Amino acid sequence: MKKALKIALAIHVWIIAAIIPLLVRVLCLKTILQVFTPSPLFQPYRGMSAEDLAGVVKNRLKRPICMVRRPCLREGLLMFYFLRLAGLEATLHISVYPREVFGRFHAHCWVTSFGKTISIPPGLKMAEVFSYPIRTRIGAAARS
């Protein structure tokens, strides 16, 4: 990866990571995902691998100040956005643990790309309740 591109990516990740806590407070998830789904024509990080992007995102999120109790959502939104900016397939998933596990509902968010888990994978006893882009029953992306 070229040094200038890596610096630009690190700055871009820092800025987006800083605004996610604000977006989560004022926008619903549907709107955030629409904002974080860039046009297929805008791919400034095309050619970068999912592993390189994940490394930059995880490095930025090592010591979170905001959203300490929801690190998976912040990481998931960042991974989803930057994978898309690289022209890579990305699916954001949200699942919940049964109430018996934590005594209350507890959710988890993660991202997959081409069927491979990129961020923190879900636990064993979780039920997936949402994925974006929304898939049909046979697993293909729904067309809108």
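Any chance you could list the semi-axes, whole Å, largest first, of the equivalent ellipsoid that the Cα gyration tensor gives for the chain, using √(5λ)? If you can, show how the numbers build up before the last one.
Details: eigenvalues 121, 70, 41 Å².
Equivalent ellipsoid of the chain: 25, 19, 14 Å, largest first.
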Listed by chain and number, the aspartates and glutamates with an alpha carbon less than 18 angstrom from that of K30, same-chain partners under 8 positions apart left out, are E75, E128
Pseudo-spin-label distance K62 to I7, built 7 Å along Cα→Cβ, given in nm, is 2.0
Per the helix-only model, the chain has a calculated mean residue ellipticity at 222 nm (DSSP H runs of ≥4, -39500 (n - 2.57) each, divided over all residues, rounded to the nearest 500) of -13000 deg cm²/dmol
Exposed trypsin sites (Lys or Arg not before Pro) being those in a DSSP loop with at most 13 other Cβ atoms within 10 Å, the longest stretch of the chain free of them is 3-45
Cross-link reach from K2 to lysines, straight Cα distance under 20 Å and at least 8 residues apart if same chain, gives K58
With +1 at each Lys and Arg Cβ and -1 at each Asp and Glu Cβ, the charge dipole magnitude of the stretch 3-132 around its Cα centre, to the nearest 20 debye, comes out at 400
The answer for the longest stretch of the chain without any exposed chymotrypsin sites (Phe, Trp or Tyr not before Pro) (DSSP loop, at most 14 further Cβ atoms within 10 Å) is 43-104
Note on the chain: contact order normalised by length, alpha-carbon pairs under 8 Å, 6 or more apart, percent, works out to 21
Filtered hits (lysines, Cα-Cα < 21 Å from K125, offset >= 8 within chain) -> K116
Of the candidates P98, A127, C28, the farthest towards the positive dipole end of the chain (Lys/Arg Cβ +1, Asp/Glu Cβ -1, centred on the Cα centre) is C28
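No lab work stands behind these numbers, since they all come straight from the coordinates. Quick caveat: nothing in here was measured; it's all calculated off a predicted structure. Virtual Cβ from ideal backbone geometry, glycine too; neighbours counted across all protein chains shown.
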